[in-house]
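Engineer: Questions regarding the structure given below will be posed in turn.
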Amino acid sequence: MPSFIGWVPTPPECVDGFFELITLSPSDVVYDLGSGDGRLLFAALAKGAGRVVGVDLDPELVQQARETARIKGVADRANFIEADVLDVNLAEATLVLCYLYPTASEELRAKFESELRPGARVVIESFYIDEWESVRSIDKGGKSFFLYVMPPQPRKRFRLHLVDFEGFT
């Protein structure tokens, strides 16, 4: 499967943008697609998530995140998987975080629709899913964040109807 984005670390001032749109609880299982060093997932645990799962293609970043989880004492609640995001089943996720290229939205949209349960949430940084209407969005640290709740509402489309005004000059 293609890589949708190289690792672009979320700046510290933008981490909270993912969490200002939602409230976390101990029953939440948070997935980060393209988790890198795990910074979003460690923030999710600090904000109340019960368990987190990071998915990344880079074995060095996965190992770094595992080591950080061990040092922080949360390895029993944090799992980091070296895999393509399209190859990981998301059925247990109650929240999915991602910052991926717009080219990923079509494949991920179909994956989210088929695997996520009703009520599961998706928070995407910078790039929205064109076919879906976001529930909420915010701008933080120069970035935009979009919240979707499964099943998503289709994006409202507006059509311009041209009327033929015969006789008007």
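Engineer: Could you tell me which numbered condition Ala69 fails, if it satisfies all but one of (1) buried (at least 21 other Cβ atoms within 10 Å of the Cβ); (2) in contact with a helix residue (DSSP H, G or I) (Cβ under 6 Å, 6 or more places away or on another chain)?
Structural biologist: (2)
Engineer: Restricting the search to the range 89-123, which residues are at pLDDT below 90 and acidic (Asp, Glu)?
Structural biologist: Glu106, Glu107
Engineer: Determine whether the range 107-115 contains at least one residue that is more than 13 Å from Val85 (Cβ to Cβ), assigned to a helix (DSSP H, G or I) and among the hydroxyl-bearing types (Ser, Thr, Tyr).
Structural biologist: We begin by selecting, within the range 107-115, every residue more than 13 Å from Val85 (Cβ to Cβ); these are 113-114.
With assigned to a helix (DSSP H, G or I) added as a condition, the list becomes 113-114.
In the following step, the residues that additionally are among the hydroxyl-bearing types (Ser, Thr, Tyr) were identified as 114.
Yes - at least one qualifying residue is present in the range 107-115.
Engineer: To continue, here is another question. If a residue counts only when it is under 18 Å from Val149 (Cβ atoms) and not charged (D, E, K, R), which helices (runs of 4 or more DSSP H) contained entirely in the range 1-102 have at least 1 such residues? So that I can check it myself, show each step before the final result.
Structural biologist: On the way: elements: 12-19, 39-46, 59-72.
Output list reads 12-19, 39-46.
Engineer: In the range 124-150, what residues are of a type outside the set (Lys, Arg), at pLDDT 80 or above and in contact with an Asp or Glu (Cβ under 7 Å, 6 or more places away or on another chain)? Let's see the steps before the verdict.
Structural biologist: Residues of the range 124-150 that are of a type outside the set (Lys, Arg), as a first pass: 124-135, 137-139, 141-142, 144-150.
Going one step further and asking which of them are at pLDDT 80 or above, we end up with 124-127, 129-135, 137-139, 142, 144-150.
Ile138, Phe145, listed by residue number.
Engineer: Hey, among Leu116, Leu57, Leu108, which residue is among the aliphatic types (A, V, I, L, M) and farther than 27 Å from Gln153 by Cα? It would help to see each step written out before you state the result.
Structural biologist: Numbers: Leu116 fails: farther than 27 Å from Gln153 by Cα; Leu108 fails: farther than 27 Å from Gln153 by Cα.
Step by step, each of Leu116, Leu57, Leu108 is checked, and only Leu57 is among the aliphatic types (A, V, I, L, M) and farther than 27 Å from Gln153 by Cα.
Engineer: Being more than 17 Å from the chain's Cα centre (by Cα) and either free of Cβ contacts under 8 Å to residues at least 60 places away in the same chain or surrounded by fewer than 17 Cβ atoms within 10 Å (Cβ to Cβ) (or both) narrows it down to one residue among Asp87, Asp37, Asp76; which is it?
Structural biologist: Asp76
Engineer: Counting only residues that are loosely packed, with under 15 Cβ neighbours inside 10 Å and either in contact with a strand residue (DSSP E or B) (Cβ under 6 Å, 6 or more places away or on another chain) or of a type in the set (D, E, K, R) (or both), which one in the range 103-127 is farthest from Glu20 (Cα to Cα)? I'd like the intermediate steps shown before the answer.
Structural biologist: Within the range 103-127, the subset loosely packed, with under 15 Cβ neighbours inside 10 Å is 103, 106, 110, 113-114, 117-119.
If we keep only those that are either in contact with a strand residue (DSSP E or B) (Cβ under 6 Å, 6 or more places away or on another chain) or of a type in the set (D, E, K, R) (or both) as well, we get 106, 113, 117.
Details: Glu106: 25, Glu113: 24, Arg117: 22 Å.
Residue satisfying both the conditions and the ranking: Glu106.
The values are calculated or read from the model by the stated rules, or taken from the named source; none is laboratory data. None of the values given here were measured: they were computed from a predicted structure. Cβ sites come from the backbone with ideal geometry, for glycine too, and all protein chains shown count toward neighbours.
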